[in-house]
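First the structure, in the form of structure tokens, and then the observations on it.
Just so you know, all these numbers are worked out from the coordinates, no wet-lab data involved. Owing to the predicted nature of the structure, the values given are computational and were not obtained by experimental measurement. No Cβ is skipped: glycine too gets one built from the backbone with ideal geometry, and neighbour counts run over all protein chains shown.
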Amino acid sequence: MPRTSSLFAIGLMMTLGSALPAVALDKISFGTNWLAEAEHGGFYQAVADGTYAKYGLDVTIVQGGPQSPNEALLISGKVDFYMGSVLQTFDDVKNGIPMVSVGAIFQKDPQILMAHPDAGVDTFADLAKLKTLYMGNDGFTTFFAWMKQTYPGFSDAQFKPYTFNQAPFMADKNSAEQGYVTSEPYAVSHAEGGFQPKVFLIADQGYGSYSTLIETTQKLVDSNPDLVQRFVDATAIGWYNYLYGDNKAANDLIKKDDPEMTDDQIAYSIQQMKAYGIVVSNDALTGGIGCMTDARLKTFFDQLVKIGLYDASLDFTKSYTTKFVCKKVGMDLAPKT
């Protein structure tokens, strides 16, 4: 073809291409398990910087809260993905609900116990010497049951309900309190009469749960695996960019959804997620953010069977699939060490 004809053809194709309507994005919704915060940052990042759009997705984040019905919304089909937990998905299998986790954003559960700095608590095992442990009911039946079996000295007599109020803990040196490594220590240190508590991440003591799972329906996994893969991949990239890139636009969206959220709290949460390897550690170091493995889930399930939470006959493998993760998506965005 003569050069003039070739240029004409290219120009014609460009003109026609620009006249064609843009390809419609797949509209999906993602329900979180709490009010907007830095712990949801990668999802907001992928919205704010266009990563979801690049992957053909128009994502609406439906924030949760203390009385969040979002898992029920997932079950009823009113949201497409949900920020679930390993225990939720195990319970779904137990109750015959066809839900499945397709990725684990947090390699470590952020749950902690924190103590006063001058209470003589230098190790996790030392917490057994304290008179009171403020915990939620879920913690009492899960990680505390594991603690009692794994470390000598812990007993039910230590338990008092945690009501999301730091005052009782702060007033009682002979106590420890449950919390998130990204949240409660900040609240204690910034309260009137506050102090820097000693923090013990339960995951670092051997309690092996993933956290912040991406949960969806088995029906969606079977009917549209490409959409699931795009959401998982774009979310992983969003998290790398949130932790290691320019996250201002994502934080602006977080503060828009939760006007009480502050820049200082966000900065603290990000720092803690990095310092404790909440997102990038363990399987994520080799497979990328979101990676989860059969071996790790089997180990955690065995821990729960041992404390009597589940029967060993439960087919927990129905609660998840690893087909969408551990593909190293976005790992090039992490700082080189």
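Within a straight-line Cα-Cα reach of under 28 Å, Lys318 can be paired with the following lysines, leaving aside sequence neighbours fewer than 8 residues apart in one chain: Lys27, Lys78, Lys94, Lys108, Lys219, Lys298, Lys306, Lys327, Lys328.
Non-local lysine pairs in region 111-205, meaning eight or more places apart or on different chains, with alpha-carbon distances under 16 Å, amount to 10.
Ordered by the number of other Cβ atoms lying within 10 Å of each residue's own Cβ, fewest first, Phe154, Phe159 fall into the sequence Phe159, Phe154. Put in order of Cβ neighbour count within 10 Å, fewest first, the listed residues Trp239, Trp34, Trp146 become Trp34, Trp146, Trp239.
Taking every DSSP beta bridge that has both ends in the chain, the antiparallel portion is near 55%.
For region 111-205, a/c is not less than 1.5, where a ≥ b ≥ c are the root eigenvalues of the C-alpha gyration tensor, and a/b tops b/c. That puts it in the prolate class.
Looking at region 111-205, the DSSP beta bridges with both ends there are about 60 percent antiparallel. Helical content of the chain, expressed as a calculated mean residue ellipticity at 222 nm, amounts to -11500 deg cm²/dmol (DSSP H runs of 4 or more residues, -39,500 (n - 2.57) each, divided by residue number, nearest 500). Where the centroid of each part is defined by its Cα atoms, how far is region 224-267 from region 308-337 in Å? Between the Cα centre of region 224-267 and that of region 308-337, the gap is 20 Å. For Rg and Dmax of the Cα atoms in Å, the listed values are (1) 30.3, 95; (2) 22.6, 89; (3) 19.6, 61; which was obtained by calculation from the structure presented? So the structure-derived entry is (2). Where a ≥ b ≥ c are the square roots of the eigenvalues of the C-alpha gyration tensor, would you call region 127-262 rounded, which needs a/c under 1.5, or, failing that, prolate if a/b is larger than b/c, or oblate? It comes out oblate by the Cα gyration axes.
Counting other Cβ atoms within 10 Å as a rough exposure proxy, the listed residues His116, His40 run His116, His40 from fewest neighbours to most.
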